[in-house]
Amino acid sequence: RREILLNATTRRDASGAIVGVVGVGQDITEKKAAERYQFAEQAKSRFLAAISHELRTPLNFILGMLELLLEAQLPESASKIISDIFTVSNLLLNLINDILDLSKVEAGKLELSYFPFDVHSTLSHALELVSFQIQQKQISLSLQILPGVPKLVMGDSNRFRQVLLNLLTNAIKFTPSHGKVTVISKLVEEHEDRYEIMVEVHDTGIGIKTEEFGNLFTLFGKLKDDRAKNSNAMGCGLGLAISKQLCEVMDGRIGVESTYGVGSKFWFTISVKKLGDSDVVANTSLINALNEESTSTGAKRILLVEDNDFNISVARAMLAKHQHVVDVAVNGAIAADKFQTGSYDVIFMDCEMPVMNGYVATSRIREIEKKNAVTKKTPIIGLTAFAMKGDREKCLDAGMDDYATKPVSRATLLRMIKKWCGDGKDPTPLTDSHAFIASIDITCKSGQDNLCLTDSPTEVEPQLFRFTEILARNGYDQEMALENLDSFICSCHNSVDKLREGVETGRFADVRVTAHALKGAAAFIGAEKLRVCASRLEKQANDDSTTEPELFSSLEELEETSAVLIDSIKRWRAKDGAI
């Protein structure tokens, strides 16, 4: 089947009568196929960017709150459980990154970030990230760093760790309980300006048949062995294929040796650059400072521009813990107004917000500075859940000074403050692995005690709300948590009234916006039942096929749920919460 573009024109005689037709046909099959392919690629990129945003937003809350919990003075058994949750959450983030990397690999847009990093620490912390799976399966895990492996090098530590984690995760999947996994790092060759480093991952797992080797490093390639299925080794077949691409980009290789029924050895090599003596001194001091979480910049006045209650709570608690003063604007328009009348040391700017997004708000702020002829611009750091190629450039083109991808750790926030509000020097940029090393030290602890937190309202009405969630989101500031709970009652009343008015008058755009805001507020206090009701109403208001009876039915259910919730909060507040 071919597609033909036909252009035709009529031929007329002297009297104007049509006597014929002249046509020219052009075969456009290949052109149309290329256009369809390009459209599909663009649609896939937009989909991946959107799904990344939706997944990273809740992850920002989860990782941020876990980070704060790990710093709290909790029982050892509770700390262990929280450490395990933190580990698994990071592995989930790695999976999201794999999905994004697949798109970048297929588009030929996979790029590396070259920064100084500690090879030994990166290896050690990769093992700590899989400590949860190791404990669950009671597997022995060991690390051997052979003599000659350099400590500080220049390269992409995130990609290096990503490949190692992919191999480690597979080794643990296919190794039975009480088995053994060993990681060995060695120096392959030293050149004048670079090192070639090899990492081997040995396991005593099920092994791989020789005929399966060719399928291992292909996209969506998975083992067909029945024992792999019985071992519950699930996966989507992306890890090894992406690892192969990453190794090749880092001028390395990846391979496997295996004896079926005995075990396997996966190995990979990467090429990293050497650091000069002055670089070694400077970066050793920098990494030590990060591990000590130095915050020598003093208290700063910070404008946080963010419309999501989860992210506001997390960032405010993290920054307030280090005596920084945080002012909040829920959209770009408010941020521009606050900037015009106030003074801030640094601005953390969410990129996607209603009313006015972060890009427009940044341009507006830069215009205000230009109009006022300021000599020193206020640093603006873009915060976004999007992580596709071009997002960083989009932030910088809008006038932002730096960029951080959500979920944002406490260490990343403090590092940005130190970088842009320090002694005026621009410190060497750090990778996220450094921020992770500085922020948490996961240790494998024994004990099987369950985490137990007293939560009066949950014990009475578990479906309504959880005070422990509000408390955690406020950095365990009890007074602030209770104030937020009281504020929720007032805002909930207003939201329900607006929803009733919007449904009755047919202003469905207002219904959608109000329901979305109420959904976030309900989630903020752990009111799951109300969150589900608000989410349903939001979707219905956005669906043209929703009937009027359906809308009123959902509204009435939401009104009833909110009334029971508010009454419960008031009763608990009067009895147990007035502390």
Inset, instruction - Give the residues of the range 223-264 that are among the basic types (Lys, Arg) and modelled with pLDDT of 85 or more, sorted by residue number. - result: 244, 253
Legend entry - Leading residue by the ranking (modelled with the highest pLDDT) among those in the range 303-330 that are buried (at least 19 other Cβ atoms within 10 Å of the Cβ) and among the charged types (D, E, K, R): 306
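Suppose we keep only residues that are among the small types (Gly, Ala, Ser) and over 27 Å from the mean Cα position of the chain (by Cα) within the range 236-270. Which one would you say is nearest to residue 168 (Cα to Cα)?
Looking only at the range 236-270, we keep the residues that are among the small types (Gly, Ala, Ser), and these are 237, 239, 241, 243, 252, 255, 258, 261, 263-264.
With over 27 Å from the mean Cα position of the chain (by Cα) added as a condition, the list becomes 252, 255, 258, 261, 263-264.
Values: 252: 18, 255: 14, 258: 15, 261: 19, 263: 14, 264: 12 Å.
Checking each candidate, the answer is 264.
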Inset, instruction - Please verify whether the range 532-551 includes one or more residues that are open to solvent by less than 80 Å² (accessible area, probe 1.4 Å) and modelled with pLDDT under 80. - result: no
Inset, instruction - Check residue 528 against each of (1) at pLDDT 85 or above; (2) open to solvent by 80 Å² or more (accessible area, probe 1.4 Å) and name the one condition it does not meet. - result: (1)
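I'd like to check something: does the range 199-206 contain any residue that is among the polar types (S, T, N, Q) and at pLDDT 85 or above? Give the steps one after another, and end with the answer.
First, pick out the residues of the range 199-206 that are among the polar types (S, T, N, Q): 204.
Filter again for at pLDDT 85 or above, leaving 204.
Yes, the range 199-206 contains a residue that is among the polar types (S, T, N, Q) and at pLDDT 85 or above.
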Legend entry - Matching residues, the range 130-160, being open to solvent by less than 30 Å² (accessible area, probe 1.4 Å) and either among the polar types (S, T, N, Q) or closer than 15 Å to residue 201 by Cα (or both): 130, 131, 134, 139, 157, 160
Inset, instruction - Take residue 200 and decide whether it is touching a residue at least 40 places away in the same chain (Cβ under 8 Å), surrounded by fewer than 20 Cβ atoms within 10 Å (Cβ to Cβ) and within 21 Å of residue 253 (Cβ to Cβ). - result: yes
Legend entry - Test for residue 338: is it touching an Asp or Glu at 6+ places or on another chain (Cβ under 8 Å), open to solvent by 50 Å² or more (accessible area, probe 1.4 Å) and either modelled with pLDDT of 85 or more or acidic (Asp, Glu) (or both): yes
Inset, instruction - Tell me, yes or no, whether the range 355-376 has at least one residue that is surrounded by fewer than 18 Cβ atoms within 10 Å (Cβ to Cβ) and modelled with pLDDT under 80. - result: no
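Can you name the residue in the range 249-270 that is among the small types (Gly, Ala, Ser) and farther than 15 Å from residue 202 by Cβ and, of all such residues, is least open to solvent (accessible area, probe 1.4 Å)? Walk me through how you get there before you give the answer.
Applying the first criterion (among the small types (Gly, Ala, Ser)) to the range 249-270 yields 252, 255, 258, 261, 263-264.
Those still in the list that are farther than 15 Å from residue 202 by Cβ too: 252, 261.
Values: 252: 12, 261: 49 Å².
Taking the candidates together, the pick is 252.
The values are calculated or read from the model by the stated rules, or taken from the named source; none is laboratory data. As the structure is a prediction and not an experimental result, all values here were calculated from the model. We place every Cβ from the backbone using ideal geometry, glycine too, and count neighbours over all the protein chains shown. Each accessible area value is taken on the protein alone, full model and side chains, heavy atoms only, with ligands, DNA and RNA left out. Shrake-Rupley method; radii C 1.70, N 1.55, O 1.52, S 1.80 Å.
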